[in-house]
1. Quick query: amide H of residue A:19 versus all other amide H atoms, modeled in the peptide plane; which residues come in under 5 Å with a sequence gap of 5 or more or a different chain?
2. Across the residues of A:1-14, average count of Cβ atoms on other protein chains within 10 Å?
3. Whole-Hz Karplus ³J(HN,Hα) for segment A:124-131, in order, using 6.51 cos²θ - 1.76 cosθ + 1.60 and θ = phi - 60°, x for Gly and Pro?
4. Calculate the FRET efficiency for residue A:22 and residue B:30 from the Cβ-Cβ distance with a Förster distance of 41 Å, rounded to the nearest 0.05.
5. What ³J(HN,Hα) values, in whole Hz, does the Karplus curve 6.51 cos²θ - 1.76 cosθ + 1.60 give for segment A:14-31 when θ = phi - 60°, with x put for Gly and Pro?
6. Only counting other Cβ atoms within 10 Å, I'd like B:32, A:88, A:1 sorted with the fewest neighbours first.
7. For residue B:36, what charge total do you get from the other residues with a beta carbon under 12 Å from its beta carbon, if Lys and Arg give +1 and Asp and Glu give -1?
8. What Kirkwood hydrodynamic radius do you get for segment A:1-80 when you take the inverse of the mean 1/r over all pairs of distinct Cα atoms, in Å?
Amino acid sequence: MEGALKRFEGKVQFVLYPFVLNSRSEVATEAALCAGEQGRFWDFHRLLFRRQAQWSHIVNPLDRLLEFATDLHLDTAALASCVKSDRMLKLIKADLAYGASLQVQSTPTLFVNNERIIGARPEVELVRVIQQELTRAQRPTP
Amino acid sequence: MAKKSRSRERTPSMRQQRQEAERRRGRRRRGMLLGGLVLVLVVGIGLTVRYVQQRNLPIRLQGAVDNHYTLGPPGAAVVVKEFSDYT
């Protein structure tokens, strides 16, 4: 996705909605949002995907995720305290409800403006849909 | 001593056998037709559900950008919203 975004830099806004499907993912999302409190959300987000095999099978992956936080030179005590407080759960639940209201049932699901794309698609297809939407947006309204 | 029964078991005539075979064929044909109809119905429902999921939802997508991590300029002509899970 980020490759496609780079291609349209300045013309496209990308908004991420964590759509939690299980308890491991919930902890990871909380950790990412808590990393965001330290200004490192995107770094943590990318690391979670890059190192998915290292944590996604663990029942309670918080300790492993804190190791990632150490690698990113984050304040791990603050991050752990943030995750354990569950204060990010409200945001996560709100996103789940929003996704449900849009009939999101699986991930990834993308909306390029109002165009729905279900499942992982090749970058070339995303580029095509974004280009199509940009052309539509630039067309003068009658 | 019990009397020996005189009635003999009747064997179906050729005509009856033909009729029975015809009936069996008819049943099989009806079964296949019904199976085909059920299959078409299931595929049709699946395609309809897929279409409904894919169709545009213009009004319900408004807003909901606040409090979310974003990349790119706010107010851009194209907004990509991604619902994703880390696992």
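FYI, it's all coordinate maths here, none of it is from the lab. Note that this is a predicted model, so its numbers are computed, not measured. Because the Cβ atoms are built from the backbone with ideal geometry, glycine has one as well, and the counts that use them run over all protein chains shown.
1. B:84, B:85
2. For this peptide, the per-residue mean of nearby foreign Cβ atoms is 4.
3. Whole-Hz 3J(HN,Hα) from phi for segment A:124-131: 4, 6, 4, 4, 4, 5, 5, 4.
4. Calculated transfer efficiency: 0.30.
5. Couplings: 10, 10, 9, 10, x, 10, 6, 9, 7, 5, 5, 5, 4, 4, 5, 5, 4, 5 Hz.
6. Placing the least packed residue first, the sequence is B:32, A:1, A:88.
7. Surrounding charge for residue B:36 is +2.
8. Hydrodynamic radius (Kirkwood, Cα only) of segment A:1-80 equals 13.4 Å.
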